[in-house]
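These notes are about the structure you will find just below.
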Amino acid sequence: MKKMKSSAGNVRNTNNDLMHEILVKIFLCLNVVDVAVASLVCKSWNKASREPSLWNKIDLSTLGSYCFRKPLNKIEAYRHSSLKMTQFLKHVLDLSNGSTTCLIFNFYVYLTNEQFILVAQGTPKLKRVVLPETGDFSRGVVETVMSLWSCLESITITSGVSGYYTLLAIGKYCNNITEMKFSQGCYFEEKHAVAMAKHTPKLKILSIRTVATSVKALFCVLRFLEHLEKVNICHSLIMDTAYPGTVFVDIRELRRRFPASSVEKLLYCERGSCLRCINGRDTTPSRQPDGPYEDIWGEDEITSLAHLPQPS
C-alpha cells in the first residue's frame, strides 16, 4: 500500500515538473505583458512565470506605440504614466526577482524619477540598458540609478536623460562600460567626449549615428580612448564647432584631418550602404511623426547596439 502511494506521488511530481517545463517554454514565446498577465491565472502559472530564464532580458520595445502612447506635454505625461505604469513595473520586477541583465524600454514610455529608481532597484545585475526617448530624470536620480547599476556594460542614451550627467555618474559607479550609443535627439559635444575619455576608459564601441557632433569631439574620442574599436557616424552631422549653423565636414575632410589609424575605426554611410539608406523610412501614417525616430533609436550598423521593435 505504501509503495502504491509512493508511486502515485512520484507520478504526480513528474507530471507537475513536466507541466512546469511546458509552461516555461510557452512563456518564452510571449511578450512581457502577456507573461505578467499569465502569472495571475493560478499558482502553477505564477510559479512558472518566475523562472529566471524568462527574465534575463526585459524587452518592452516589441510592444509598439499602442501600449505606450507618447504624451503631448509634461502634465499629460505624469497623468498618463503614473499609477498603471508603476504597478506594471512593480509586478514585472517582482516576477524577475533581480535576474534581469538586459533591459530595453519602449521608445514611447515616459518614465518619472520614481519609476526610474524603482526599475534600477529591481535590476541589480543589469549589464545593458536602452533608455526611452523621454523622461523626467533629475541629476540626483541619474546618479542614484547608476550607483545601483554598477555591473552595467552597455547603455543607449537618449534625449530623456542628460548625457553629460550620465557620463559623470558612470565615472563614479560603472567601471565596465564598453559600449555606448547616443540616440536621435542628442548632441555629442566636446564636453561629452572629454568626459567619456575620462570616465569610460574601457570603451570599445561608440555609436553617434544621426547625431550632431563636432570634429573636435570626434577627434577627442579617437585620440584618447585607447581601447576604442568602432565609432558609428552614419548620417551624423559633423561640424567644425559644437553648434549647428556652421560648415559641415564630410568623410573626405575627416580623412584629410585624421590619421589613417583613426579613420579605420569609423563606420560611415558611403553610396547608400548604411541601414537607414537600405531600409528606407517607414512612412506608415499610424507611425507618424515619431516612427522614423523610433527606427533610428532601434537600428544600428553595430549589431550589438541594435534592437528593432515591431512596427505598430
Practice problem: Could you tell me whether any residue of segment 155-165 is crowded, with 17+ Cβ neighbours inside 10 Å, at pLDDT below 95 and hydrophobic (A, V, I, L, M, F, W, C)? | Solution: yes
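Where residues in segment 39-62 are of a type in the set (A, V, I, L, M) and touching a residue at least 12 places away in the same chain (Cβ under 8 Å), which of them is surrounded by the fewest Cβ atoms within 10 Å (Cβ to Cβ)?
The initial filter retains those residues of segment 39-62 that are of a type in the set (A, V, I, L, M), namely 40-41, 48, 54, 58, 60.
Of the ones still in play, those that are also touching a residue at least 12 places away in the same chain (Cβ under 8 Å) are 48, 54, 58, 60.
Numbers: Ala48: 23, Leu54: 21, Ile58: 25, Leu60: 24.
Only one residue tops the list, namely Leu54.
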Quiz item: Do you know which residues across segment 191-221 are within 21 Å of the chain's Cα centre (by Cα) and basic (Lys, Arg)?
Solution: Lys202, Lys204, Arg209
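Does Leu152 satisfy the condition of being free of Cβ contacts under 8 Å to residues at least 60 places away in the same chain, crowded, with 17+ Cβ neighbours inside 10 Å, touching a Ser or Thr at 6+ places or on another chain (Cβ under 7 Å) and assigned to a loop (DSSP other than H, G, I, E, B)? I'd like the intermediate steps shown before the answer.
On the way: free of Cβ contacts under 8 Å to residues at least 60 places away in the same chain: yes; crowded, with 17+ Cβ neighbours inside 10 Å: yes; touching a Ser or Thr at 6+ places or on another chain (Cβ under 7 Å): no; assigned to a loop (DSSP other than H, G, I, E, B): yes.
When the stated conditions are applied, Leu152 does not pass them.
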Quiz prompt | Residue check, Tyr78 modelled with pLDDT under 90, assigned to a loop (DSSP other than H, G, I, E, B), touching a strand residue (DSSP E or B) at 6+ places or on another chain (Cβ under 9 Å) and of a type outside the set (A, V, I, L, M, F, W, C) | solution = no
Practice problem: Please find, within segment 112-136, the residue that is modelled with the lowest pLDDT out of those that are part of a loop (DSSP other than H, G, I, E, B) and closer than 19 Å to Lys181 by Cα. | Solution: Glu133
Quiz item: What pairs come up if the first residue lies in segment 271-295 and is among the aliphatic types (A, V, I, L, M), the second is modelled with pLDDT of 80 or more, and their beta carbons are under 7 Å apart, counting only those six or more places apart or on different chains?
Solution: Leu275/Glu299; Leu275/Glu301
Quiz item: Taking segment 137-149 as the region of interest, how many residues are of a type outside the set (Val, Ile, Thr) and part of a helix (DSSP H, G or I)?
Solution: 6
Quiz item: Does at least one position in segment 184-198 carry a residue that is of a type outside the set (D, E, K, R), buried (at least 23 other Cβ atoms within 10 Å of the Cβ) and over 18 Å from Phe258 (Cβ atoms)?
Solution: yes
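Out of segment 162-184, which residues are part of a helix (DSSP H, G or I) and not aliphatic (A, V, I, L, M)? Can you show your working first?
Here is the first cut: in segment 162-184, the residues part of a helix (DSSP H, G or I) are 163-173.
Of everything in segment 162-184, those that are part of a helix (DSSP H, G or I) and not aliphatic (A, V, I, L, M) turn out to be Gly163, Tyr164, Tyr165, Thr166, Gly171, Lys172, Tyr173.
The values are calculated or read from the model by the stated rules, or taken from the named source; none is laboratory data. Remember, predicted model here, so these are calculated numbers, not experimental data. In this analysis, Cβ positions are derived from the backbone assuming ideal geometry, glycine residues included, and neighbour counts consider all displayed protein chains.
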